[in-house]
Structures are given as C-alpha cells and as structure tokens.
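Working notes, structure below.
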There are 2 protein chains.
Amino acid sequence: MNHRTGNRPGRSVLSRALAVLGVFSSERPEHTITSISQATGLAPATTHRLVAELVEWGALERVARGRYRIGIRLWRVGALAPAARDLRDAALPFLQDLASATGHYVHLVVADGPHALFVERLPGRIEAAVRSQVGRRMPMHASGPGKVLLAHAPADLVAEVVARGLPRLASGTITDPAELAGALADIRTTGYCLSRDEMTEGASSVAAPVVGGSGQVVAAISVVLNSDSKNLQPLVPVVRVTAAAVSRALGAPGERFPVSERSR
Amino acid sequence: MNHRTGNRPGRSVLSRALAVLGVFSSERPEHTITSISQATGLAPATTHRLVAELVEWGALERVARGRYRIGIRLWRVGALAPAARDLRDAALPFLQDLASATGHYVHLVVADGPHALFVERLPGRIEAAVRSQVGRRMPMHASGPGKVLLAHAPADLVAEVVARGLPRLASGTITDPAELAGALADIRTTGYCLSRDEMTEGASSVAAPVVGGSGQVVAAISVVLNSDSKNLQPLVPVVRVTAAAVSRALGAPGERFPVSERSR
C-alpha cells in the first residue's frame with residue numbers, strides 16, 4: 001500500500017489508528033514512526049499525529065531512540081476480553097496443577113478466526129522446544145490444540161483454513177487436506193490429539209478440548225514435551241481430566257468429553 | 001459531559017473512539033450503545049458508528065442482547081505491552097514456585113500512573129479474601145504491593161497520590177499522609193511491606209520490590225493470606241527471595257534488595 005492509498009479520504013481516521021496498532025506483533029513489538037508509516041501506507045505526518053494521540057491515551061508508549069511499544073493502558077483494556085478474563089480465570093488453577101503434576105509446559109489455546117491463539121502458557125520444569133508466547137497466533141493445522149479446535153469448528157472454518165493453504169512448519173506438519181480431515185475425525189472419535197514435530201521440530205504435544213457453558217468447544221489445553229519422548233499416551237488421561245475440570249468450572253452442560261459430535 | 005460537549009469539533013475522531021474503549025472496566029466489562037453514549041457524552045449515532053468500526057477490527061465484540069465486550073484482537077495487541085510480556089514472562093516461573101511453596105495467592109503488581117495495576121494473579125490452595133483481578137487497578141496507598149511501588153517512586157508521584165486523597169477501603173487503610181510517609185520510609189529501610197486489612201477486610205499481605213534492568217523498582221510481588229494469621233514475618237524471606245530472583249532474571253544490576261534508596 002503506498003502513501004496515497006493509505007491516506008485516501010475513504011479511509012476513516014479510526015481505521016487508520018487501528019491500522020497503526022495492527023502493525024505491532026509478537027514478532028515485531030517495537031516500531032518507529034518510519035516503520036509504522038511504511039507498514040500502514042500512511043504518510044509520516046499522519047502517522048506522527050496518530051501515534052502522538054495514541055501515546056497520550058496510553059495505547060502506545062515511547063521507549064528509547066524514537067521507538068514505540070504497546071502501552072500498559074491498552075493491555076489493561078485488552079485484559080477485559082472474555083477469553084482472557086473468564087476463560088483464563090476458570091482455567092488457571094487447573095493449568096497450574098497440570099504443570100505441577102507433569103512438569104511439562106502447559107498451553108491454553110482458543111480460536112481467533114482461522115488461527116490458534118495462545119491465551120496462557122505456564123512454563124514446565126522439563127525443558128522442551130516451545131515456541132509459544134501468550135498473545136501469539138499460529139496456523140490451526142500445525143499444532144495439537146489447533147487441530148482440537150478445528151475438529152470441533154464449523155465446517156466452513158475448516159474449509160477456510162484449507163483454502164488458506166497448509167504450510168509446512170516442521171517435519172510432521174499435516175499439509176494434505178485429506179490427511180487433515182482424517183486427523184480431525186480421529187480427534188472427534190478419540191477425544192484427544194497427539195502431535196509430533198508439527199509446529200516446532202523436536203516438540204510433541206497432547207491436547208484435549210474444553211467445553212464452555214454453551215456446550216460448544218471453546219478452548220484446547222495441551223502439554224508440550226520433547227519429541228524424543230517415546231510414548232505420549234500415558235499423558236492422555238491427565239490432559240483430558242484437566243480439560244474436563246475446566247469445562248466443569250465453565251458450567252459445561254452434560255458431556256465434558258466431546259468425542260463424537262460430528263463423527264457419529 | 002453532555003452530548004454537545006462529547007461531539008464538539010475539537011474532539012478528534014480517534015479520541016472519541018478511545019473514549020469508547022475507556023468506558024469498559026473490570027467493574028463493568030459489558031456495555032450497550034446507550035450506556036457507552038451516556039458514559040462518553042457522545043451522540044448515540046456517533047457512538048453506533050464508532051462501535052461498528054471497533055467491532056469490525058476486533059477491538060470490541062457483540063455479545064447477547066445488544067451488549068458489547070472487549071474483543072480478542074485488542075487482548076492480543078495489548079498482550080504485547082512490556083509489563084505484560086517481558087515482566088510477566090520473566091516472573092511467572094518464580095511466581096509459580098512461590099504459590100506452590102507457600103500455598104498462598106501470589107500477585108505481580110506494577111505502577112500505572114497513580115494506581116497499582118495487577119499484572120498477574122496466581123490462585124493459592126489456601127483461601128483468602130482476595131479482590132484482585134488481572135488488569136484491575138487499585139489505589140496505591142491501600143495495599144502492600146502498592147505501597148512498595150510508592151516507596152520507590154519519585155516524590156512527585158507520592159505527592160500526586162496524596163493530593164488525590166487517601167480513601168479508606170478497609171479498617172487498616174492508611175488515610176493520613178504523615179502516616180503514609182512513615183510507612184514508605186519503613187519499606188525503604190526494611191525492603192519489604194506487611195499489610196493488614198488495608199485493601200480488603202480480612203486480607204493481609206507480604207510484599208517486596210522487583211528491580212529491573214535499569215536498576216529501578218519496576219514491580220512488586222506479594223502473597224495474600226487471611227488476617228487471622230497471627231504472624232506474617234515468617235513469609236518475608238520467601239517473598240524477598242522470589243522478588244530478587246525475578247530481579248535477577250530481568251538483569252537487575254548489583255543490589256537486588258533495594259532497602260534504602262531514599263532513607264539514607
């Protein structure tokens with residue numbers, strides 16, 4: 001997008017300001033006026049004015065050498081989102097128990113459009129090749145919790161994920177649509193997902209779904225361990241019981257082990 | 001603020017949109033167009049248009065019956081703030097250990113202007129009268145971690161907090177400026193803070209400062225327990241050692257037990 005497009009009259013001031021916020025990411029949490037201007041296509045003067053207003057409110061903060069980061073006030077407002085607040089509040093005690101009892105890294109993941117979004121990550125005592133970061137998004141098809149969410153998602157979301165392509169992130173990533181469909185059917189049948197080297201080379205996971213008060217799958221919980229672990233199966237019950245405990249805390253009606261919603 | 005004031009030409013579109021986001025709080029996480037309009041002083045039509053654009057971007061999401069909440073995209077962007085990302089990432093393993101070893105609720109708190117902001121809260125096995133919530137702000141003078149931050153804050157922040165008034169939240173709240181000054185001097189001398197019934201009736205805390213890479217106090221860590229606990233002193237070393245471990249992880253230079261920066 002060039003400067004003229006970025007500043008076109010049809011683009012509202014608010015959408016420009018939101019575009020400024022949108023350039024910050026976990027891969028690139030700091031920006032200068034110049035890099036914001038380049039990423040948004042907004043003129044430097046426009047960028048400067050919007051950034052000044054965002055800084056004044058606390059959505060951005062200025063750090064050293066003309067660089068800007070997301071500010072604490074935006075974090076505070078964002079912390080009010082239901083996925084962060086209600087889900088995380090309900091899940092955290094059980095996630096802590098899971099991390100303590102297994103020693104492994106524990107993740108809480110939700111769907112964010114066609115992406116898997118890490119809402120919580122508790123560090124384990126046992127080192128593993130973990131690339132997750134709270135607030136980071138990953139493709140749905142390339143992780144255990146992502147596939148669990150996809151297995152219980154509407155068919156059109158699966159179609160969208162497939163249409164966006166299934167990029168290979170590591171040696172075990174499922175890149176074939178038919179193979180993915182089979183894996184999702186397996187997850188619906190068994191109620192859990194084992195993954196090896198799908199998102200990160202050397203990392204494996206065991207994942208299970210969390211059911212919300214509506215009876216729908218609202219999140220996935222996983223533990224991550226090194227791929228040299230021969231057998232992931234012994235971890236399945238503890239991950240499923242943890243996910244069921246969170247489902248119960250969320251007021252899930254009836255069945256807390258969703259195993260066959262679409263595989264009947 | 002009346003509608004005319006809210007829609008006055010001098011108020012930019014962006015500042016109006018930020019005012020819309022600003023009405024959401026931990027006390028009131030859901031709003032209707034009407035309640036947003038009332039809280040911001042913006043005309044209903046203006047409010048409706050801004051809300052629609054915020055929903056489209058993902059800053060807000062529509063829930064049932066015309067109500068709106070903060071959306072997952074704003075949470076995701078907010079999670080990039082340094083206090084949430086760098087500080088929390090560094091602190092979390094040590095906070096988990098502190099919660100496990102003591103069984104008490106653990107808090108990580110930073111200064112947000114003249115307020116104390118809860119960045120992290122880990123639930124304890126031992127019940128306590130805990131009012132904290134991640135993302136919630138409390139007055140600085142009325143909690144252990146708040147007073148720790150204030151003890152190491154610039155003198156003008158202390159003056160601002162005093163000028164805003166020292167409201168009583170519970171039977172033990174310090175409401176006298178001279179008494180507060182004495183308490184802050186004690187914290188600088190001893191390196192920790194014991195509080196009873198200051199924020200919440202029935203809750204006591206032990207708090208200590210965290211030093212960042214700059215050598216400044218950047219956060220406070222506390223454990224919360226019931227006020228019927230006779231002696232808080234035995235918890236002081238474990239809280240101080242945990243705070244020092246986080247300071248070390250943040251790259252704090254030299255002294256990790258800041259005890260006398262302004263009391264010398």
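Worth pointing out:
- Filtered residues of region B:156-190 (kept if in contact (Cβ under 8 Å) with a residue 40 or more places away in the chain and either among the aromatic types (Phe, Trp, Tyr) or out of contact with any Ser or Thr (no Cβ under 8 Å at 6 or more places or on another chain) (or both)): B:Leu157, B:Glu160, B:Val161, B:Arg164, B:Ile187, B:Thr190
- Being charged (D, E, K, R), in the same structural domain as A:Leu117 (by TED's automatic domain parsing) and more than 19 Å from A:Val110 (Cα to Cα) is a description that applies to A:Arg168.
- Within region B:52-94, if we keep just the residues that are closer than 15 Å to B:Leu21 by Cα and open to solvent by less than 10 Å² (accessible area, probe 1.4 Å), the residue that is farthest from the other protein chains (Cβ to nearest Cβ) turns out to be B:Leu60.
- Taking region A:1-85 as the region of interest, the helices (runs of 4 or more DSSP H) fully inside it that hold 3 or more residues being modelled with pLDDT under 95 are A:3-6, A:13-22, A:44-57, A:72-78.
- Among the conditions (1) farther than 29 Å from A:Leu21 by Cα; (2) at the interface with chain B (Cβ under 7 Å from one of its Cβ atoms), the only one that A:Asp97 does not satisfy is (2).
- Those residues of region B:113-152 which are open to solvent by 20 Å² or more (accessible area, probe 1.4 Å), on the phi < 0 side of the Ramachandran plot and within 10 Å of chain A (Cβ to nearest Cβ), in sequence order: B:His115, B:Arg121, B:Pro123, B:Arg125, B:Gln133, B:Val134, B:Arg136, B:Arg137
- Selection within region B:201-213 - open to solvent by 20 Å² or more (accessible area, probe 1.4 Å) and touching a residue at least 60 places away in the same chain (Cβ under 8 Å): B:Glu201, B:Gly202
- Matching residues in region A:214-240 - criterion: being open to solvent by less than 20 Å² (accessible area, probe 1.4 Å) and among the β-branched types (Val, Ile, Thr): A:Ile221, A:Val223, A:Val224, A:Val236, A:Val239
- Top-ranked residue of region A:9-35 - restricted to ones that are closer than 17 Å to B:Arg16 by Cα and open to solvent by 20 Å² or more (accessible area, probe 1.4 Å), ranked as farthest from the other protein chains (Cβ to nearest Cβ): A:Arg11
- Selection from region B:153-185 of residues that are of a type outside the set (A, V, I, L, M), open to solvent by less than 60 Å² (accessible area, probe 1.4 Å) and not in a helix (DSSP H, G or I): B:Gly165, B:Gly172, B:Thr173, B:Thr175
The values are calculated or read from the model by the stated rules, or taken from the named source; none is laboratory data. Because the structure is a prediction, the values reported are computed rather than measured. Note: ideal-geometry Cβ built from the backbone for every residue, glycine included; neighbour counts use all protein chains shown. These accessible areas exclude ligands, DNA and RNA; they are computed on the full protein's heavy atoms, side chains included. Shrake-Rupley method; radii C 1.70, N 1.55, O 1.52, S 1.80 Å.
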